[in-house]
1. Within the stretch 217-240, restricting attention to residues that are touching a residue at least 24 places away in the same chain (Cβ under 8 Å) and in a helix (DSSP H, G or I), which residue is surrounded by the most Cβ atoms within 10 Å (Cβ to Cβ)?
2. For ARG211, are the conditions met, namely being basic (Lys, Arg), in contact (Cβ under 8 Å) with a residue 60 or more places away in the chain and surrounded by 12 or more Cβ atoms within 10 Å (Cβ to Cβ)?
3. Does the stretch 170-184 hold any residues that are crowded, with 24+ Cβ neighbours inside 10 Å and away from the ligand (no atom under 11 Å from the Cβ), and which are they?
4. Quick check on my filter: what residues within the stretch 204-241 are within 16 Å of the ligand (Cβ to nearest atom) and in contact with a Ser or Thr (Cβ under 8 Å, 6 or more places away or on another chain)?
5. Take LEU165 and decide whether it is crowded, with 22+ Cβ neighbours inside 10 Å and more than 16 Å from the ligand (Cβ to nearest atom).
6. So ARG243 fits all but one of (1) more than 17 Å from GLY32 (Cβ to Cβ); (2) part of a helix (DSSP H, G or I); (3) within 17 Å of the chain's Cα centre (by Cα); what number is the exception?
7. Please identify the pairs in which a residue from the stretch 166-179 that is more than 17 Å from ALA121 (Cβ to Cβ) has its Cβ atom under 7 Å from the Cβ atom of a residue that is within 16 Å of the ligand (Cβ to nearest atom), counting only partners at least 6 apart or on another chain.
Amino acid sequence: MSIDGMIRSVDNGITIYSWRVFEPWKERITVGITGRTGGFSAPPLHSLNLGHLVDDDPSVLDKNRAEVAAALGVPEASWAVANQIHGTRIGMVNHEPEGPFDSCDALYVSKKGIIAAILLADCLPVAVYDPGRLRGIICHAGWRGTAAGIAEVAVKHLVDDGSRLENLIAATGPGIGPCCYPVGKEVVQRFRHSFDYQENVILNDGEDGYRLDLEEANLVRLRASGLKEENLGRAGFCTACRREEFFSYRKDGEHTGRHASLMILL
Ligand SMILES: [Zn+2]
């Protein structure tokens, strides 16, 4: 089943949304985002919480991770999870031991069979993949990471590592949409200061009312990095509008769970 730029598949009660733009390489990479349904977590983390820094029972979290691994067809011990701080540091998942990935908001993957995961509740995932060199980076982009240029940092890392810009495929979202994301002057100033300010990134409702389009902001950054338009995909929907399907920090509050954006080389 398709939703805007993503395809939704359900396996044993676990829903995975994968970006359409990566479909040509689906034999080599699984990259997408989990939904909140399925799993075993009790309210307010119901029910497929994958966040280890929220107040969930560790044994329940293990069961949830095992369910996702089974749905993906990879061993349940293969999780590599970022401990995010809204920065731009990239953790390397190509070396042993696998983690911990402290103070990282992106994970670089070049090794098969590892579930590289970033955790989200309204923040936006950004995935960049080089199908020729079989490696990629999955990023956590809230407003701070976006303003700091995490999408560009990921692209630059891959290019410095030997990838050609014209080969890179990237996708964004879903995260909180401009429909549900009013922001204050601090955010507006930060974007005006550090970002090529564009009307379609910060939306002005008049007076002091502003809303941020996090997905568009990251697409602007990916285009500015030199990626081809035909190599960009976007989810195009809002996690806060789809609270039945995703965790939403803004709508459900700070005690909600976390879904995960995943990159697995097959
Ligand atoms: Zn919305």
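1. Taking the stretch 217-240 and keeping what is touching a residue at least 24 places away in the same chain (Cβ under 8 Å), we get 217-222, 224-228, 231-240.
If we keep only those that are in a helix (DSSP H, G or I) as well, we get 217-222, 224, 231.
On the way: ALA217: 25, ASN218: 29, LEU219: 24, VAL220: 18, ARG221: 26, LEU222: 25, ALA224: 14, ASN231: 18.
Going through the qualifying residues, I end up with ASN218.
2. Values: basic (Lys, Arg): yes; in contact (Cβ under 8 Å) with a residue 60 or more places away in the chain: no; surrounded by 12 or more Cβ atoms within 10 Å (Cβ to Cβ): yes.
So ARG211 fails the test.
3. So in the stretch 170-184, the residues crowded, with 24+ Cβ neighbours inside 10 Å come out as 170-177.
Within the stretch 170-184, ALA170, ALA171, THR172, GLY173 qualify.
4. Result: LEU214, GLU215, ALA217, ARG234, ALA235, THR239, ALA240.
5. no
6. It fails just one condition, (2).
7. ALA171/ARG234; PRO178/LEU203; PRO178/ARG211; PRO178/LEU212; PRO178/ASP213
Results for (1) out of contact with any Leu (no Cβ under 7 Å at 6 or more places or on another chain); (2) in contact (Cβ under 8 Å) with a residue 40 or more places away in the chain; (3) closer than 25 Å to CYS238 by Cβ, shown as yes or no for each residue.
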site: ASP11; (1), (2), (3): yes, yes, yes
site: SER18; (1), (2), (3): yes, no, yes
site: THR34; (1), (2), (3): no, yes, yes
site: GLY39; (1), (2), (3): no, no, yes
site: ALA42; (1), (2), (3): yes, no, no
site: PRO58; (1), (2), (3): yes, no, no
site: ALA66; (1), (2), (3): yes, no, no
site: ALA69; (1), (2), (3): yes, yes, no
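The values are calculated or read from the model by the stated rules, or taken from the named source; none is laboratory data. The shown structure was predicted, so the numbers you read here are calculated from the model rather than taken from an experiment. Quick reminder, even Gly has a Cβ in these numbers, built from the backbone with ideal geometry, and neighbours come from all protein chains shown.
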